[in-house]
1. Region A:893-967: which trypsin sites (Lys or Arg not before Pro) are DSSP loop and have at most 14 other beta-carbon atoms within 10 angstrom?
2. Report D for region B:134-207 in µm² per second (integer): Stokes-Einstein, Kirkwood Rh on Cα pairs, 37 °C, 0.692 mPa s.
3. Are there GluC sites (Glu not before Pro) in region A:701-809 that DSSP puts in a loop and that have at most 13 other Cβ atoms within 10 Å, and which ones?
4. For a footprinting-style exposure proxy, rank B:THR186, B:THR387 by other Cβ within 10 Å, fewest first.
5. I need the Kirkwood Rh of region A:878-922: take the reciprocal of the average 1/r across all distinct C-alpha pairs and report it in angstrom.
6. Name the residue from A:ALA594, A:GLY1051, A:VAL349 whose Cα lies farthest towards the positive end of the charge dipole of chain A, charges +1 on Cβ of Lys and Arg and -1 on Cβ of Asp and Glu.
7. With only Lys, Arg, Asp and Glu charged, each at its Cβ (+1 for the first two, -1 for the last two), find how big the charge dipole of the protein assembly as shown is about the Cα centre; round to the nearest 20 debye.
8. Evaluate the Kirkwood expression for the hydrodynamic radius of region A:1051-1112, namely the inverse of the mean inverse distance over all pairs of different C-alpha atoms, and round to one decimal in Å.
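Derivation of every value follows stated rules applied to the coordinates shown; laboratory data play no part. None of the values given here were measured: they were computed from a predicted structure. Note: ideal-geometry Cβ built from the backbone for every residue, glycine included; neighbour counts use all protein chains shown.
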Amino acid sequence: MKHVKYCISILTVCLFSISVLMAQMPQNRTVSTIVADALAQLPAKTEAQYTQTMKDLVSTGEEGLMILIKLMNPPGVKSNEATEFAISGWTNSVANDNAKRSIAADTYEKALGLTLDKGIKAFLIRQLEVIGSDENIDILSQFLFDNRLSGPSSQALIALHSEKANNALLAALSDATSDDIKIYLVNAIGQTDYEKAEPVLLGLLKNNPPVGLTNVLLKALGNVGTQTSLGPLKMAAEKTNYSYQKNDATSAYIHILKNVAGMNPSYVQKSANDLLSQATKLNEPNLQVAATEILMSLPKTNKIQLLKNALKSGNIIYITNTLNAYTFQSDKKGMKLILIKLQEPSSDVQTAILYWLGNQKVENVISEISKYLYSTDKTVQAAAVRSLSKIGGKAVLTVLVQLLKSNDSNIIPLAKQALLAYNGDISGALTSVFNDSGDKGKTTVLQLIAARQMNSQYDLVYNQMFIDNDSVKAEAAQTLKFVVTEKNIPELFNLLEQSDSKNAEFVKEAINKALSSLTPDQQIAIVSDRMNKSVKSSLYYSALANSGTKSAMDILIKTYNTKTGETKQATFDALAKWKSFDVVYPLLDIVRNAKSMDEINQSTDAIVSLVDRSVQTGAVKSLFLQEVMQFAQTDRQKNEILRILGNTNTYQALLFVEPFMDVPALRESASQAAMNIALNNPSFAGEKTATILEKVSKILSNPDAGYQREAIRKFLSENSKEGGFVSIFNGKNLDGWKGLVGNPITRTKMSLKELAQAQVKADEEAVKSWAIENGELIFTGSGSNLCTNKKYGDFEMLIDWKLYPGKEPDAGIYLRGTPQVQIWDTARVNVGAQVGSGGLYNNQTNPSKPLKVADLKVGEWNTFYIKIIGDRVTVYLNGELVTDNVIMENYWDINQPIFPFEQIELQAHGSKVGYRNIYVKEIIRPEPFKLSKEEEKEGFKILFDGTNMHQWTGNATDYVTENGNIVIYPSMSFGGNLYTKEEYGDFVYRFEFQLTPGANNGLGIRTPMEGDAAYVGMELQILDNEAPMYKDLHEYQYHGSVYGVIPAKRGFLKPIGEWNYEEVVAKGDTIKVTLNGTVILDGNIREAAKNGTADKQDHPGLFNKKGHIAFLGHGSVVKFRNIRIKEWKMVKIFKRRNKNEHI
Amino acid sequence: MTTRRHFLKTVGALSLFTIVPRSVLGRGFIAPSDQLTKGIIGVGGMGRNHIYYDGTRVVAMCDVDKNHLTQAAALVKDKINLYSDFRDLILDKNVDIVHIATPPHWHGIMSVEAAKAGKDIFCEKPMTRTIGEGKRLMEAIQQNGNIFRLNTWFRFKDPFYGLGTPVKPLKKLIQSGMLGWPLKVTISKQTGFDWKFFWIGKNYLESQPVPKELDYDMWLGPAPYKPYNVHRVHQNFRGYWDYDAGGLGDMGQHYIDPVQYLLGKDDDSPIKVEVDAPQQHPDAVGTWQSITYTYKDGCQIVLWGGDYGKPDTPYIAGPKGNVYKNFVCDIPDWEKKLAGYPEPAVQNTDFIECVHTRQKFALNEVNGYHSATIVNMGAVALRLNRTLNYDPIKQEFINDAEANRLLNQPMRAPWNIN
């Protein structure tokens, strides 16, 4: 639906424009169309869309805004969602454009004059609160006496921040009779700075108002009052004895004192001094602070006296805030006073002053502060240290390190904190006190040396390894690794051989640190050389492991397998700390062949820790964690495995952790893991995931459980609780599977009987070659492929597979009966297997090799994610993308595309293979539309069968195929058009469409691809003309009308959300439209246009002989399907044929 | 007077068994730490955690929902005072510290009132829901000399949420200058931050009868009157602009405040905020893709909503190096190099000690105001769907009258913050 109500200026522009430019532009539409299109677009998803939609909307001016306002329902009764987005968006988008802002504000003003629900009016008043100006004061003032709207309108007025608005509030206050209204108005005035209100407010206060009104009056006077109010407010404060009360007269009084301080400082000084003495008398330190703050701001105040008052009080609140209010450090007299006071035996006074000295970074007071470093009061002591720390500098450093010589257990940690934060070199200062310090001091020095990694202090640290003091020695051992360099290696080797077992571990760490600056080969050379000379070679395994080389690993594995006792343990410890992930295989060997529980436990821990700290994909982590879970003995280990599984983001892990939710000691971590995986991976959503999440929700018990349950609820409400991945292998038997007969092509050539007989035979063989062991599906090494009973089209698939060591390990997954996603042993270089698994092995034209090698070692589980949509395949192996959206060729007939539906097969290739965790998520695609026999006979042709848009051209961004439909998702409010590639003249066109509320589209016929089809061709309206916003349509705008020319009958659309069936017959000048079985239009365009068209517009394309058929988009979502056409070209064809016959 | 405190200190055995509120000793005279008392306003959700915060004993509670009050009171063994009007709790002489765990639209008024009554304050995040209220709160604390603590703690402890590192070593690295300047910090799900996007509002709430246990008028307080619906109140309030700002309001200060500390912007504000977000409903808070803040010196804070953004984006990006999740830094040999630098200055992280010594808590009304301002600037930009420029000195938006009207939102009678 288009045009019609031009405003004059736009009409003028259009007259001079050529029709091509007019097409589909917002100004070319009627106001109600623009508004409807905009509503369909809101809320805007992007900034661009927002800007465009608001531009469109605002272009409709008052008329459009008024339409929106009239569409509003009373709040709380029916939704206003779209209109609220439209109106608030309008308000926000014009706020800073004066001309447009005042149009909007004027419209709100007009609307507020209409009879509307008060809730709607409150909403409109809030718009004026945002963009109103003095011009809207009159209308806002009208509501000031309305109990429901007095609040909103008075608030809108104060938002204007203008004298006139404030005056309107004041005028209303003078007229107000009810106390409730007075409270609204006074409270509003209290939020302004409108001094002129003072006499009225004071007048009200004088008349003994009720409590509620008194409260707001006092606050308001505190804010807007002048000197005149000082007296009354002081009286009110006195009445409460300056205590805090609900009416809070005291704070109103303080407020006004502050406000008038600039105008009448001497008066305020006197009043504030009175207040201070009252506060002192009442022993109210916070009030003393408030009075002092005011006094400090006055020029003639005796500040020293204020300071004296505060210090005399001995109250830490009063002192601290008085000190903070003024920087006395530039005032010699003040400083002197403070330092004298510091000596008084009050810990509160001392604390306040010490902190202040530090916060102000007062200079030359280090010795004064230092006196308090050994105070018996810990608060004072801490204040002194922190104060010094803040002042900083070399003199402070000297004082701080002296503290380390103390034996005071309180002071050393304080000193350490201060020294850690000390900005500068502390090494000299530390060494100067080291020898004179006690154990705690020495230990602290060593910790500081470690923290700053002082290589320069290596000797000091090293020497402590030979003293007769275990605690200092132990600390030194731990410090070594922070100070060593490669030069120290020989000395460290010696030290290692002399150290006791506890310290030896730290020395080993130091050696590794020192080795780390060398290359792996250099490391191996140095370490093996030393090992050869040493009788305690096991001490060097950790150094050997540090190199990370294959030769080091071989030595360690060999030693582990051949030695016993401490030596064996030392190699294990070295392996456990191995840096790279390849150590997982020897560790798995150890756990699998373990002879003792200790061995199982420590190797399980080592693998879990390795997986946790590694940077492997979630898929790889998940595989190894599932593997190691079978060896985990303790709840600690199992909980740890479950925790890490929760970060792997694999569907298999989600299912793997589920049963552990039933084990009391593991349920919380299993639930957390399941929740993390499910919530982070919406693609796993479905029936199974929903069941697990609902179970998780019941189990969760931790401080954040409320948040977590909320997150689960949100996830379940936004994602499907049906479908999802389905297990196609039950782990018990071959239900759902069968043997292989022939191939997809040969099978079609077999008779049903032949096929059945062959199948029986194949099934018998399959049972022999495919076994189930421990829930895994094993191909024994001889026989044929195993196939799903079911045929699949588009799907995602998860499958774990394992090649067993042996001769030529090889396998594969057939998709839709077609070989194959390749699986093989990468060691088989002779057949090119070094490229890795996961490629489309049989492709000839398209890529057949994987993008990278992502295989794990033969004998370990691997995992595939496979997706096939149409003929395109994507494969992830162990979490790595190896096949990226590659066309899979038809191996059985290279000239055919891959079959649309076929079975999944597990390939049999003569070696032992295991499969498990086989899940498929089908991606449903509707059956393509087919013509009925009658239509086929009549000569109909399909224009859209649900699978492709090959017959169409134009805006392919907004129009997409989805679930067998063409759907328009307009990116702009004026949508876009989709045209048939062919042109049609006389035809029968049949299609189905589904509308959204207020939806608008159009069917263009006999139209060129450029220009506005309604004029350069013909447009048959497609419109939800039942929407409230279209109640005032012209007849020729109804659904089905030849737009602007012939009206259609209204009232035959199906309810929103149902499919409508429409037939359009265009034959010469007659157009006939049948909607859901009712003829809603049957007319002759030539006759209708005889005396000018109904819309009084020029329709230059009305009598086109032929043209494209098009969907003409607006702002709304509309779906189309099952589109077919029959052309009448019979006459022409006959003529031609006749001609030919004559020739 | 000092002798009285001294007396109490020496008779420790007696004081162990008696709760002596500070007010009994005279304000400013400090009882041993186990004797500080608290009153909690808002005990529906978060407020109940405040019962268990260490170092103080709960002596009073207040809620406008009678059910909440009864349920929360049952969690405490001792007999305590129960109120429905927060001002009565503030007036309670037994209360030393007022805890505020209401929806954010009350934080400003309640903090200011408590400050005027001379109470110390322990307030939930976000500090306030407008910039203007934050400013007023800061003034009130200054004027009355109270101790104020905001309840988020990542600037001084814990590896905050999924980042995998506490803030201290990051601060040390930044302070060392090894990353260069200016820095860009990206806060997103990729680094473990979860904006809790389920705190979004519904665009339509039908009118429902107010339950009899709830004083809805008092619950709304200064906020505009809107018909009652259960989704408006209690946990769901976070989804409505009148009371909060969704995940940005609820979680924003948790994530932003430590970054403000890291960047050393505790007394500064950004000069620009840009948003990339769908249009926001005037009442209900929606989601957003990103919010970008820029400081005068070029430092930036980027917030990424939901799954937006790339996983390999550094948490902190500087011209000389980057830092990723779990403290992965791409400067060669950075640990060794960093060790030579001093640790960040010690922060006052013991609230009880701060109440005793009257020293500002690590996260107080001043730096809390600035990080709340970052949150609130973002909320204003989201609501208006546009880029805003800000003047940190005048503390107002530049050339945007509408945005400035959102600095101080008019309050419904009889409420006013002054």
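1. Within region A:893-967, the qualifying trypsin sites (Lys or Arg not before Pro) (loop, at most 14 other Cβ atoms within 10 Å) are A:LYS930.
2. Translational diffusion coefficient: 200 µm²/s.
3. A:GLU722
4. Going from sparsest to densest Cβ surroundings: B:THR387, B:THR186.
5. 14.0 Å
6. Toward the positive end, the furthest listed residue is A:VAL349.
7. 1480 debye
8. Kirkwood radius, region A:1051-1112: 13.6 Å.
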